[in-house]
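Asks: One structure is given below, represented as structure tokens, and several questions about it will come after.
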Amino acid sequence: MEFLSLIANNFSSAAITFLGFVFALTVVVFIHEMGHFLVARWCGVTVTTFSIGFGKEIWAFVDKHGTRWRVAWIPAGGYVKFLDDENAASMPDRDALNTMSEEQRKGSFQLKPVWQRAAVVVAGPLANFILAIAIFAGFYLAMGDNRIEPRADYIVPGSPAAVAGLKPGDKILSIGGRQVRDFSQVNEIVWTSPGRTLEFLVDRAGQEVAVSLEPEMQERNDYIAGKHKRPTIGIRYAVEPIVAGVVAGDPADKAGFQPGDRVVRMNGQDINDFNQLQEIVGNSNGREISVVVEREGREIPLSVTPKLTSPGPKAADPSPRPLIGIQSSMTPVYSRHVDVGPIEAIGLGSERTWSIITGTLSYIGDIFTGRSDSDQIGGVVRIADAAGKFAALGFTQLVLFTAFISVSIGLINLFPIPILDGGHLMFYAYEAVMGRPVNEDVQEFGFRVGLALILMLMIFGFYNDRGILAGWFS
């Protein structure tokens, strides 16, 4: 029965991963190609094919304009093909141009003015960015904005923040001159600043204090990204010391802890932050801890002895350490909910989209300068794995992941690599400046080089994803 249960669970997980991947990629690809399609139609270009997926058709129909709309078996992308395209990569078919009638030439993509061709090409990535902004804006409009104050309420001993002199309770005003209003912004800046000295301006008991520090690379075990190194400075915001759950059979369960308990003292020390609780448990060395919890308005004394336990594969640090078996409510002490109107929602959605773009470009730049490793470059396998994990967390999380992927695909397509949209724009920029198109042989050579680069990047991503594949089949 155990074996059958394992098979059922693995099948369910595989189904969620596949459906999550197909949903996210189909939405992103459809919007990208629709951007190309709509602007092409607006410019009078004849579109012969609009395809979601590659390979053999599953379903297709032809509209009144002669465009064949098709869905194919391989859900790894899509394309829009124009009348004078040689293939799905939009390589120009010069022979087709020579045999076209005068009426057909009116719908030729290659014969349109350079600004119209550039508009058609840039419309795909732009549509991806608009999709992401719309999703993020819709999320803010529906849910509001939960803003966690950018406070250094807990300082990890020995961390860059501790060495630099940050104090518990410091409120971060700005980093490198950039104002911050939310703790997530602090994380974004730190995570994209490996090997860089950051200038913090903090409010300490009403006085502004400047602090300089450099993040250190630390290995993490993220539920979505798996094991990887990320810059960190060692600060956390305060979390309510409330017990959200108790692990059956663990020390806390045996000691009498209950969900909803608020820990008020441990070993005589007042507890105002779940991080303090974790520190005391972590430093217990197996010794008994006296605890006072507040339950239904009454203070109840308890005693618990931590046990060396592995926190599980989803923990940031999965190595065994003293634990008592309680789960945090993860409720920030200093946070506020802000209702957001349509205009502000669009602004926040644009800001979040821009932060993904700048973060990605920063990471790529840091790879070339040696500040970051390239182990986070992944391919289809990593996207599918992440899609499945987000889908398992709920449809809302899958939609937010779709927005992230939409930004990434839009940005990658703008890279100046022949065969990608950015490569076409590079050729059009040359044509606009020089007054003549790039030589046909040069274009063809460029497309071959671009294809080789993309294939090498795919192979490299697949190599980085081998651990994910091993996890799927283990």
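Quick note: the coordinates plus some simple rules give every number you see, no bench work behind them. Bear in mind the structure is a predicted one, so any value in this text is a computation, not a measurement. Cβ sites come from the backbone with ideal geometry, for glycine too, and all protein chains shown count toward neighbours.
Asks: Which value at 222 nm does the chain reach when only helices count, each DSSP H run of 4 or more adding -39,500 (n - 2.57), with the total divided by all residues and rounded to the nearest 500 deg cm²/dmol?
Replies: Computed ellipticity for the chain at 222 nm equals -15000 deg cm²/dmol.
Asks: Round to a whole angstrom and tell me the spacing of the C-alpha centers of segment 208-242 and segment 380-451.
Replies: Using only Cα atoms to place each centre, the spacing works out to 31 Å.
Asks: Determine, from the Cβ-Cβ distance of SER310 and LYS227 and an R0 of 22 Å, the FRET efficiency 1/(1 + (r/R0)^6), rounded to the nearest 0.05. Please report the intermediate quantities before stating the final value.
Replies: On the way: r = 15 Å, r/R0 = 0.67.
The formula returns an efficiency of 0.90 here.
Asks: Here is a follow-up. For segment 108-256, what relative contact order do you get, as a whole percent, if you take Cα pairs closer than 8 Å and at least 6 residues apart? Mind showing how you got there, number by number?
Replies: Details: 199 pairs, mean separation 30.6, N = 149.
That works out to 21 percent.
Asks: Now a separate question. How high is the relative contact order of the chain, in percent, counting Cα pairs under 8 Å that sit 6 or more residues apart? Display every interim value, and only then the final one.
Replies: Working: 838 pairs, mean separation 79.7, N = 474.
The normalised contact order for the chain reaches 17 percent.
Asks: Sort 409-421, 218-230 by packing, meaning the average of other beta carbons within 10 Å per residue, with the highest value first. Provide the component values of the computation, followed by the final result.
Replies: Numbers: 409-421: 20.5, 218-230: 14.8.
Packing order, densest peptide first, comes out as 409-421, 218-230.
Asks: Shifting gears a bit: Between segment 130-182 and segment 40-72, how many Å separate their Cα centres?
Replies: 45
Asks: While we're here: Which order results if TRP69, TRP115 are arranged by neighbouring Cβ count within 10 Å, fewest first? Show your work: numbers first, answer last.
Replies: On the way: TRP69 15, TRP115 11.
Fewest-to-most Cβ neighbours within 10 Å comes out as TRP115, TRP69.
Asks: Considering the values (1) 1.27; (2) 0.98; (3) 1.05, which represents Rg/Rh (Cα atoms, Kirkwood Rh) as calculated for the structure under consideration?
Replies: From the options (1) 1.27; (2) 0.98; (3) 1.05, the structure gives (3).
Asks: Sequence neighbours fewer than 8 away in the same chain don't count; with that in mind, list the lysines whose C-alpha is under 24 Å from LYS106.
Replies: Within the straight-line cut-off, LYS106 pairs with LYS64, LYS81.
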